[in-house]
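Just so you know, all these numbers are worked out from the coordinates, no wet-lab data involved. This structure is a prediction, so every number in the text was calculated from the model and none was measured. Please note: Cβ atoms are built from the backbone with ideal geometry, for glycine as well, and neighbour counts cover all protein chains shown.
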Amino acid sequence: MGDRQQPMRAIAAGVMLAVENGQSLSQCLPPALNRLPANERPELQALCYGTCRWFHRLEGELNGRLKKPLRKPDRVVHHLMLVALFQLRFSQQATYAILNETVEACRALDKPHLTGLVNGVLRAAEREGAPEPADDSARFSHPVWMVEKLRHNWPEDWQQILNANNAQAPMTLRVNALRFSRDEYLGLLKEAGIEASPTRFAPHGIQLAHPVPVDQLPWFADGAVSVQDEAAQLCTTLLDLAPGQRVLDACAAPGGKTCATLESCGELAEVVAIDESAERLPRVQENLDRLDLDATLKQADAAATDQWWDGEAFDRILLDVPCSASGVIRRHPDIKLLRRESDITPLAAIQLGLLDAMWAILKPGGRLVYATCSVFPQENHRIIQRFCKQQTDAILVEPEAQWGRDMGAGRQLLPDPDSHDGFFYAVLEKPEP
Ligand SMILES: C[S@@+](CC[C@H](N)C(=O)[O-])C[C@H]1O[C@@H](n2cnc3c(N)ncnc32)[C@H](O)[C@@H]1O
């Protein structure tokens, strides 16, 4: 049987298995979506995102309902039941349809010997209703280590962070300031019948009341706007850009902040955008092309400056380091399954290494903006504190900002269910000799 004939739930179970085995949704979902007709794709996407979002809660329920775990070769059926439980608990779909179609998907996965088990588990789940969550991992649907780390790091806010991570993120736009003012674009959206409002902190940001496909946004293909969270947009307010500056975006792909930088100051001397990922770097060029912007792209490890740097120091450096992405879990719920506690210390070492290397190629009098989409202090203000301890000439600039919290060495935004993602920024300046 060709892949195309597989029912949607069977495809969703395969995607969940791939995530459990370490692939991100952005890697394994697109090929899965392509196996379905266009009108069925949003539902598959919602199934996979929703099952990841509620994985730790659903997993607790399912394990409680199984007498013993399924054998490894049957693991895909475990995920099939998680997908069905997600629908049972969180969707409006009729129970009989969920049951029938899940049993049919079980057959399509070539596991006819498990249809009785699937049917029995789901019937019991329907009859008995959702169990009380056994612990905070199940209650907030996050891995135990994340709950504990957040509780430890944010004793006043951890529950609010966990709840925000489970909420649907708004769709936020960045108006291309070289083309339209924010008010002009708000006018175009109104004419198009799209409800929207200005973001509170980012000067070119617009938040939509409801998400829409980008091709419905006026002049999207012509570069009028980009989709970018409000917190990510704030980088340009910190860079203090001026005409003639040479700017480095050291970890640039897919180029959201590269483009925001170019849009916010039209006469920069040059923007150099580096990314070590050959797979991700072309996305920067695609974004530049759509927005009709220019940057010098290089595929390199930014820290290996001997391999790519021409010797001319930068006036401004944006260092948007690789991180746990714990501030954007609501947009990437697969992070709950993919990230390990043991990832954080090696990430912190990479972050500090990148900061050291970038400092060396910043002009005296220049400014470096350090950014993460993390809410773990270990990747954020503690990196800046460690850096400032060893680089005693670095000047820590306290940005004049209405947003986030002053952490003593940078500002932290926690994810807000009504607006921005979780993010961290610190601004450092190098003294003139
Ligand atoms: C947080 S993402 C950047 C997002 C991007 N700044 C934007 O706003 O669209 C981090 C990026 O760093 C890249 N990266 C990781 N380690 C790197 C290194 N040593 N040198 C250059 N790029 C690196 C990753 O490939 C990834 O694309």
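Sorted by mean Cβ packing within 10 Å, highest first, what order do the peptides 303-314, 171-182, 318-329 take? Before the final figure, lay out the partial values.
Working: 303-314: 13.2, 171-182: 20.2, 318-329: 24.3.
Going by the mean number of other Cβ atoms within 10 Å, highest first, we get 318-329, 171-182, 303-314.
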- Message: Can you bin every Cα-Cα distance in the chain into 10 Å intervals starting at zero and give me the percent of pairs per bin, rounded to whole numbers?
- Response: 4, 20, 28, 24, 16, 7, 2, 0
- Item | Cα-based convex hull volume of segment 165-273 per residue, rounded to whole Å³ | 113 Å³
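Report, for the chain, the % of DSSP beta bridges that are antiparallel, rounded to 5. Numbers along the way, then the final one.
On the way: 23 of 40 bridges.
The antiparallel fraction comes to roughly 60 percent.
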- Note on the structure: Expressed in angstrom and ordered largest first, the alpha-carbon extents of segment 230-429 along the principal axes are 40, 38, 34
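Calculate the tail of P(r) for segment 172-227: the fraction of all Cα-Cα distances greater than 19 Å, expressed in %.
On the way: 183 of 1540 pairs.
Beyond 19 Å sits 12 percent of the P(r) for segment 172-227.
Considering only lysines 8 or more places apart in sequence, or on different chains, count the pairs in segment 230-429 whose C-alpha atoms sit under 27 Å apart. Each step should come with its number before you reach the end.
On the way: Lys257/Lys298; Lys257/Lys336; Lys257/Lys363; Lys298/Lys363; Lys363/Lys389.
Number of lysine pairs found: 5.
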